[in-house]
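Every number in this text was worked out from the coordinates using simple rules, so none of it is lab data. From a predicted model like this one, the values you see are computed outputs, not experimental measurements. Positions of Cβ are backbone-derived with ideal geometry, glycine not excepted, and every protein chain shown enters the neighbour counts.
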Amino acid sequence: MNQTIAIIISAILVKNMVLSRFLGICPFLGVSKKLSTAVGMGGAVVFVMTLSSGITTAIYKAILDTENLRYLKTIVFILVIASLVQFVEIILKKFVPPLYKALGIYLPLITTNCAVLGAALLGIDEGYSVFNSTVFGFGAGVGFTLALVLFAGVRERLEYCDIPESFKGLPISLVAAALVSVAFLGFQGLFGI
Amino acid sequence: MFGEIITSASILGGLGLAFGLGLAIASKKFEVKVDERIALVREVLPGANCGACGQTGCDAYAECLVEGKCSINGCPVGGEELASKLSEILGVKAGVTVAKTARVMCAGIYSSCKVKFDYSGLEDCLAASSLHGGPSACAYGCVGLGSCVRACPFDAIVIIDGLARIIESKCKSCEKCVAVCPKKIIEMVPRCDEYTVSCSSMDKGAVVRKNCNVGCIGCGKCSKVCPSEAIMVKGTLAKIDPEKCTNCGECMKVCPTGAINRYRCDY
């Protein structure tokens, strides 16, 4: 139980997927322009990450955890994640069409998102059980959503500021992201994690 | 060595096959039926994606038309020709126009409504509104910095004395102003030359009086004299139902603050 709670807190705050491990920067910068799309994207990522972490760890422990097959984990995980995202797209299109329209191109982007693959691989590296790996995936997704939502708020405000010409657009967003990341350093050592 | 190749290939191949089958079943089971009329309609649309129809582009307009929620006269780029083609495909009579116009539900010009702050250098309603709610003493009032003027592609909005005013004869119902107003006080109404309660304040009567001379205080006098029962007072704000209103003007005569105005078509 203690380890599970430590995993969740670590994934969301202390070792935040985006702001501490620097994974998933692409959708972080791409979808965080409006709060509504940020929340939608975050939700999809939580769903995909949780399921993929669980399924990939299960497949690893069942099939690939032998001396000569461990090297296959990268490509098998990519296969699992790609299929899962396709599945999520089909479900969204059928049951939540407005969200499907809002996410548009960003949903296939989750497939090649290093954060999702990262969560799966990190779970294996740390040697988590299937349950703990799923929890880790969930926490990583929530941390990703948290970073996205926070940064969307920052960016919406940034639009009304007087920015120098050479910084407009991506440069000032990256600087702002760096500052948010430094702020999250404050969580280091929380609860001894 | 061959053993390894075969093992890895078969594992990958096997998993790929399993997932592929799963996806094929899912895509059949959760299929979303797309109306083929949408493709037909989309083909005759101009494809400029200008948004003047009020949708986010020609694809969205095509869907809206097939769903029956949009008028076939809504596209100014396609015009009459397009409307007749659409009436053929959809079986709707051309000329069934829902000629709506936008209206700003506020009458707070500088001499009527007090000003709280001076936003020097900030020329955007959204920016001003996100920083302490805007310059107007009334939290629901028109900011008057012109975001709607810039959003309108048909030059149908002017700012006079710190209040946005829509020239209703020029309005093409694209609803861009409705989307951009941070106070959300621009509403779509059925036609021009109508009596309207030009106030959106949800504050109590005494507060409204303190901030603005022409705000609605929710006294209910208009509701009592209306012969067609078209006025409802919700909380402290009166609202006229345009479907029931007969334009008799009784409400405007009894309103103590002058919150009811007649909006002519040409301003």
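Observations, loosely collected:
- Counting, for every residue in B:24-33, the Cβ atoms of other protein chains within 10 Å of its Cβ and taking the mean gives 3.
- For residue B:191, residues with placed amide H under 5 Å, excluding near neighbours: B:101
- Residue pairs exceeding 24 angstrom between C-alpha atoms, taken from A:33/A:94; A:101/B:33; B:210/B:239; A:93/B:183; A:93/B:29: A:33/A:94; A:93/B:183.
- Per-pair calculated FRET efficiency, R0 = 22 Å: residue B:132 and residue B:110 via Cβ, rounded to 0.05: 0.70
- Between B:232, B:248, B:146, the Cα set farthest toward the positive side of the dipole of segment B:115-267 (charges on each charged residue's Cβ, about the Cα centre) is that of B:232.
- Bridgeable aspartates and glutamates around residue A:15 (alpha carbons under 20 Å apart, same-chain partners fewer than 8 residues away excluded): A:125, A:126.
- Label sites at residue A:181 and residue B:31, each approximated as a point 7 angstrom past Cα along Cα to Cβ, lie 4.7 nm apart.
- Highest mobility in the GNM of chain B, judged by mean-square fluctuation with C-alpha springs under 10 Å and restricted to B:104, B:66, B:143, is found for B:66.
- Cβ-based exposure ranking for B:231, A:5, B:6, in which fewest neighbours within 10 Å come first: B:6, A:5, B:231
- Residues whose amide H comes within less than 5 Å of that of residue A:17, counting only those at least five positions distant or on another chain, are A:144 (H built at 1.01 Å from N in the peptide plane).
- In order through segment B:247-254: 3J(HN,Hα) via Karplus (6.51 cos²θ - 1.76 cosθ + 1.60), integer Hz, x for Gly, Pro: 6, 6, x, 4, 4, 5, 5, 8
- Its Cα centre serving as origin, the protein assembly as shown has a Cβ charge dipole (Lys and Arg +1, Asp and Glu -1) of approximately 1180 debye.
- Helix A:73-95 and the long axis of chain A differ in direction by around 60°, with both axes built from C-alpha atoms.
- Amide hydrogen neighbours beyond the local backbone of residue B:201, cut-off 5 Å, H modeled: B:216
- C-alpha long axis of helix B:2-29 to longest principal axis of chain B, angle in °: 40
- C-alpha long axis of helix A:35-59 to longest principal axis of chain A, angle in °: 10
- Backbone geometry of segment B:165-180 corresponds, through the Karplus equation with coefficients 6.51, -1.76 and 1.60 at θ = phi - 60°, to 3J(HN,Hα) couplings of 9, 9, 7, 5, 6, 8, 5, 10, 6, 7, 6, 5, 5, 4, 6, 8 Hz, x marking Gly and Pro.
- Largest GNM mean-square fluctuation across A:65, A:125, A:162, computed for chain A with C-alpha springs under 10 Å, falls on A:162.
- Comparing B:60, B:18, B:206 in a Gaussian network model of chain B, where Cα atoms under 10 Å apart are tied by springs, the biggest mean-square fluctuation is seen for B:18.
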